[in-house]
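These notes are about the structure you will find just below.
Computed from the coordinates by the stated procedures, all read-outs in this text should not be read as laboratory data. In this text, all values refer to a predicted model and were calculated from it rather than measured experimentally. As a convention, Cβ positions derive from the backbone with ideal geometry for all residues, glycine included, and neighbour counts pool all protein chains shown.
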């Protein structure tokens, strides 16, 4: 994404944010910020609280990144990441949030493109989101 022209109607990245915990979703949005860089369009967050909604939104397309909560109840983000990567053609990049750094090995099993552990460091999370959005959909 390049710096947006003030007169343009450039669309910001669409990021799916999956967590059954509204506070966790708030923390992610706050840590990432409104936009990826200065002068760029705002991020459009697509918030979902269930795995079924995450699958539906991902299948619909037009997402630049999936941020999945690995600590979500019922269907955790790690298992969901693996399912989405296995079942959806040209699945967007996936960032998984884990409960602790020691869980990072699970992210490789889940086929996630990146992992950030709690407690969330805003700089680390923003950088991971920016890098994955700019890299685009993996081949």
Fewest first, what order do 109, 45 take by the number of other Cβ atoms within 10 Å? 109, 45
Quick one: helix 77-87 against the long Cα principal axis of the chain, what's the angle to the nearest 10°, folded into 0 to 90? 80 degrees
The relative contact order of segment 1-126, taking Cα pairs under 8 Å that sit 6 or more residues apart, comes to a percentage of 25 percent
